[in-house]
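A short worksheet on the structure shown next.
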Amino acid sequence: MFEGSFVAIVTPFNDDGSLDDDKLKELIEFQIENGTHGIVPCGTTGESPTLTHDEHDHVVELTVETVDGRVQVIAGAGSNSTAEALRLTQHAKAVGADGALVITPYYNKPTQNGLYAHFMHIADQVDIPVVVYNVPGRTGTDLQTTTLAKLATHQNIIGLKEATGQLSRASEAVNACDDEFTVLSGDDVNTLPIMAVGGKGVISVLANVAPKEVADMCNTFKAGDLQTAQQIHHQTMQLALDLFIDTSPIPVKTVLQMMGKLNGRMRLPLAPMSDDTLEVLRQTVNNMGLL
C-alpha cells in the first residue's frame, strides 16, 4: 500500500514562530517535483510535540489540500494519550489522508499489553491504514516483534516504521507478518539494507534536502538495479549520518536554510547548532553539491 520514499516533512515557521503556510506549500511542491512518493506531516521531523492541536490539524489539512491526490499522505497522529491519538487519527481520516502514522506512547512507558491495547483501540475505531512507529530511542518504549505480529492481524494495521536502529528487527518484522504488511525504514542509513530483506521503502529525513536521491534509490532497487541503488546509498550516507549530528530536525532545518528554502526557525526547546557541528554539516552539504 505504501511504497518508496515518504518524506517526514519539516514544519516551517515564520520569524515570529507562527506556521508558515506558503513555505510548507513550496516544500511539498519541491518534494513532488523531485519524485517523492508520499508526504508525512506532523511527525517527529515536523516538530509535532510543539504544535498546538489546532496547528497539528491545520498542517495535516493543508498538506492534504496541497498534495491534491498527486502522491500519498500519511498523517502523523501519535500521542502518549490514547484518546488524543484516536482524535488525531480520526481527523486524518476525516480530511482525506491516505494513512496515519501512530507512534508508540512515550514517557508513560506502557507494557506490551498496553501497547497492543493502544493500537487496537485506534484501529478498531478508525477505518484508515495505520503505520505503527517504533522508535525506542525517543520514546523509551520498544514494541516487540511478537506484539507487532498480533497487531498486524488487524485489517487496519498495515505497516511499521522501523527505527530501532537494529537491522535484525526489520527482518523479524518481515518474517513475523504476512506478505501484505509493509515495513518502512525509519533511519535513512538503513533504508537500502531494510529493502534488501523485504522492506518497501522509507519515511525519510534525508528526503527533505535530497528528495530525488532518496526516491531514485527506492525506484532503482525496485527495478532490480541494485548497483545504482548501492551507489546512491553510498553517495548519501555521510549526509544521512550528519543529519543526526545534532537532535533532529535541527540539522535538516539548518541544511534547508543553507539551501535558501527555509529561515531555519525551530521552536524551543530545540536550539541552533554549535559552530563546530555546523561546520561539519556545511562541509558535507558542500560535498554533496546541494549548495
Picking from Thr44, Thr36, Thr66, the residue that is part of a loop (DSSP other than H, G, I, E, B) and more than 17 Å from Pro211 (Cα to Cα) would be Thr44
Looking across region 180-207 at residues that are in a strand (DSSP E or B) and out of contact with any His (no Cβ under 9 Å at 6 or more places or on another chain), the single one that is surrounded by the most Cβ atoms within 10 Å (Cβ to Cβ) is Ser204
Considering residues that are buried (at least 18 other Cβ atoms within 10 Å of the Cβ) and either on the phi > 0 side of the Ramachandran plot or polar (S, T, N, Q) (or both), the number found within region 265-291 is 1
Scanning region 94-110 for residues that are at pLDDT 95 or above and either part of a strand (DSSP E or B) or charged (D, E, K, R) (or both) gives Asp98, Gly99, Ala100, Leu101, Val102, Ile103
Given the conditions (1) of a type outside the set (Phe, Trp, Tyr); (2) closer than 18 Å to Thr36 by Cβ; (3) exposed (fewer than 15 other Cβ atoms within 10 Å of the Cβ), every one holds for Lys261 apart from (3)
Scanning region 235-260 residue by residue, those assigned to a loop (DSSP other than H, G, I, E, B) and over 12 Å from Ala210 (Cβ atoms) turn out to be Phe244, Ile245, Asp246, Thr247, Ser248, Pro249, Gly260
Those residues of region 113-127 which are within 23 Å of the chain's Cα centre (by Cα) and of a type in the set (Gly, Ala, Ser) amount to Ala123
Within region 111-147, of all residues that are assigned to a strand (DSSP E or B) and among the aliphatic types (A, V, I, L, M), the one farthest from Phe2 (Cα to Cα) is Val132
Checked Phe2, Phe6 against criteria (among the hydrophobic types (A, V, I, L, M, F, W, C), part of a loop (DSSP other than H, G, I, E, B) and farther than 19 Å from Thr247 by Cα); the one match is Phe2
Restricted to region 5-37 and to residues being surrounded by 24 or more Cβ atoms within 10 Å (Cβ to Cβ) and small (Gly, Ala, Ser), the residue farthest from Leu268 (Cα to Cα) is Ser5
Picked from region 107-142 (must be within 20 Å of Arg169 (Cα to Cα) and among the aromatic types (Phe, Trp, Tyr)), the residue surrounded by the fewest Cβ atoms within 10 Å (Cβ to Cβ) is Tyr116
### Query
part of a loop (DSSP other than H, G, I, E, B) and among the acidic types (Asp, Glu) - does that describe any residue in region 154-166?
no
inquiry  = Based on this model, can you work out whether Gln31 counts as in contact (Cβ under 8 Å) with a residue 60 or more places away in the chain, of a type in the set (S, T, N, Q) and part of a helix (DSSP H, G or I)?
reply    = yes
Of the residues in region 75-121 that are in contact with a Phe, Trp or Tyr (Cβ under 6 Å, 6 or more places away or on another chain) and not polar (S, T, N, Q), the one that is nearest to His56 (Cα to Cα) is Leu101
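The values are calculated or read from the model by the stated rules, or taken from the named source; none is laboratory data. Please read all numbers here as calculations on a predicted model, not as lab measurements. Methodologically, a virtual Cβ is constructed for each residue, glycine included, from the backbone with ideal geometry; neighbour enumeration extends over all protein chains shown.
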